[in-house]
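Written out below as structure tokens is the structure these notes cover.
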Amino acid sequence: MSENVLAFPDGKARTTRKTTRFREMLTSPETSFIMEAHNGLSAKIVEETGFEGVWASGLSVSAALGVRDSNEASWTQVLEVLEFMADATSIPILVDADTGYGNFNNFRRLVNKLIQRDIAAVCIEDKLFPKTNSFLGANQPLADIDEFCGKIKAGKDAQADDDFSVIARVEALIAGWGLDEALRRAEAYHEAGADGILIHSKESVADEILAFAKEWANRSPVVIVPTKYYATPTDHFRDVGINLIIWANHNMRAAISSMRETSRQIFENQNLMWAEENVARLGDVFVIAGNEELSEAEDRYLAKRAETKAVVLAATRGSKLEDLTVDRPKCMVDVRGKPLLHRLVGSFNDAGVRELTVVTGYKADTVNLPGINTVDNPAYETSGEVASLACAKDALKGECLVSYGDIMFRSHVLNQLLDCEADIAVVIDANWQQERAESMKRTVDLAACSRAYTGDYFDDEIAELTRLDTELDTESANGEWIGLAKFSEKGSALLQAELDRMESDGSIASASMIDLMNRLIDAGAKPQVVYITGGWLDVNDAFDLARARNF
Ligand code: SPV
Ligand code: MG
């Protein structure tokens, strides 16, 4: 296999090959230890504990899949689990491949599938397919020695990575055939090219294992699995030169006892009090899963779309609505079952604008929608819109919308504004209904623009706002500002600077939004006009409210 350049969950690419590291561990005269895992999570835990390698136990992988250790899981199903384990870890994995899932041909194909999945080594046992776990029954039939040697040779000849290891597992002691047969087989497998011998025993004492090791005398590396003779001090294995010790199934067994106890406690208590005290914290799960690396990567690689914020001016009572605003501000007046502000917030949210700051004043405590920030303008009775806006100064950063709190608009209105890339943009209604303004004696924020709305589909010449004025004469007015504007990051900075100037020259207390816009224009800003033709309304009085309820 070529140099390993896989990206690991920690985001780092490692170039030291796992096959090489396993081989060094196997051939080192020091006794090494590897620990069972049966999926990506348990493999990660083995690595984080400090083990130098993982034993992908056939028994444990099967048990975790809910099947028996009798080749019930197909080899490709096992391969899939191994792929997760290898991706989740940077230490080498020795795979328990039972009898090799068939004859020499199946085994040699398996070898390269394992190498492709970054597995460092494989162990096959000299039994018959479908295998039976070594601790079940007695007198298990053994494979023919020559047939098994052919399998080892085929695997070694096929391996595309010189450092990949094939361990031959001798089951002669398990089958009750004695030490001589075990040695005879070990010798044959060694001759056939096995990189190490796993000598297995189901005795509760290690005598036959120690005897084998002494006779074998390190002709090739020796691997053992002291599941049954666990009481033997580890130094005894060191003393006879055991190269590799496999702790073969204890994570799977720990999972069983822990899951049983947790399930039982929750079942009996019908609550999570015991569980929350005794199981891993959720934060731990995210640490093990490597979420921190993902969020760092998101910062690095995800295109950053500026989050557009909005500041909504909703401090006034709206006294023309009379009774309806005795106990609530205008923005909280009901429009078909929902407060007006609720509808406005919904329009912003639908367009992806989620960070909303609402400036409250009159009956501020009634403005209690979920998902909004509120800031209070305590001087709402005596101050104007710009003073309210200044209360939300902290939110006027980056890309930011400013909106009156008493308007409703169709989604295309906001989308058109959001699409505009100017530093300052204002929505101007070219159908500004002069008659209505006059008949209702309503104040209209009239807009003079650098050019009139044409309605021509191909007309994309930019129009700029030159003046906002409630007193503009009919000929000069090109439309009505609907009370919605957008500021880019630079536009927000201009806005902040203007607010600072207004604060210091004392004009801020009584200024209206149109005063502010005109000051920005005077200071050289050229707000771009986003023309619309209707599709919005504002709510000032009972007549407007009736329209809103039909909107
Ligand atoms: C395994 O862990 O699947 C093994 C070891 O093969 S043993 O269960 O002891 O046979
Ligand atoms: Mg096994």
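Just a few scattered comments:
- Inclusion of ILE199 among residues that are within 18 Å of TRP247 (Cβ to Cβ) and in the same structural domain as LEU142 (by TED's automatic domain parsing) is warranted.
- None of ALA310, ALA280 is in the same structural domain as PRO329 (by TED's automatic domain parsing) and outside any helix (DSSP H, G or I) except ALA310.
- VAL54 vs. criteria farther than 29 Å from GLY241 by Cβ and within 15 Å of ligand 2 (Cβ to nearest atom): no
- For GLY176, the conditions (1) touching a helix residue (DSSP H, G or I) at 6+ places or on another chain (Cβ under 7 Å); (2) not in a helix (DSSP H, G or I) are fulfilled apart from (1).
- The residues in region 368-386 that are farther than 24 Å from ILE514 by Cβ and modelled with pLDDT of 90 or more can be counted, and the count is 3.
- When residues of region 232-253 are limited to those that are aliphatic (A, V, I, L, M), outside any loop (DSSP other than H, G, I, E, B) and touching a helix residue (DSSP H, G or I) at 6+ places or on another chain (Cβ under 9 Å), the one nearest to ligand 2 (Cβ to nearest atom): MET252
- Long-range neighbours under 6 Å by Cβ, at least six apart or interchain, first residue more than 20 Å from ALA511 (Cβ to Cβ) within region 304-331, second part of a strand (DSSP E or B) and aliphatic (A, V, I, L, M): ALA310/LEU356; ALA310/LEU401
- In the condition set (1) in a helix (DSSP H, G or I); (2) without any contact (Cβ under 8 Å) to a residue 40 or more places away in the chain, GLU293 is compliant with all but (2).
- Some residue of region 128-137 being of a type outside the set (A, V, I, L, M, F, W, C), in contact with a Leu (Cβ under 8 Å, 6 or more places away or on another chain) and on the phi > 0 side of the Ramachandran plot: no
- Filtering region 39-80 to residues that are within 12 Å of ligand 1 (Cβ to nearest atom) and aromatic (Phe, Trp, Tyr) leaves only TRP55.
- Which listed residue, of LEU494, LEU499, is closer than 18 Å to LEU417 by Cβ, surrounded by 15 or more Cβ atoms within 10 Å (Cβ to Cβ), at pLDDT 95 or above and assigned by TED's automatic domain parsing to the domain that holds TYR404: LEU494
Yes/no matrix, rows are residues, columns are (1) touching an Asp or Glu at 6+ places or on another chain (Cβ under 8 Å); (2) modelled with pLDDT under 95; (3) under 21 Å from ASP163 (Cα atoms):
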position: GLU30; (1), (2), (3): no, no, yes
position: ASN39; (1), (2), (3): no, no, no
position: ILE45; (1), (2), (3): no, no, no
position: LEU59; (1), (2), (3): yes, no, no
position: GLU72; (1), (2), (3): no, no, no
position: LEU110; (1), (2), (3): no, no, yes
position: ILE119; (1), (2), (3): no, no, yes
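- Scanning region 14-28 turns up no residue that is β-branched (Val, Ile, Thr) and within 16 Å of ligand 1 (Cβ to nearest atom).
- Check on LEU183, of a type outside the set (Lys, Arg), without any contact (Cβ under 8 Å) to a residue 60 or more places away in the chain and closer than 18 Å to ILE197 by Cα: yes
The values are calculated or read from the model by the stated rules, or taken from the named source; none is laboratory data. Note that the structure is a prediction, hence the values are computed from the model and not measured. Counting neighbours? That spans all protein chains shown, and the Cβs are built from the backbone with ideal geometry, glycine included.
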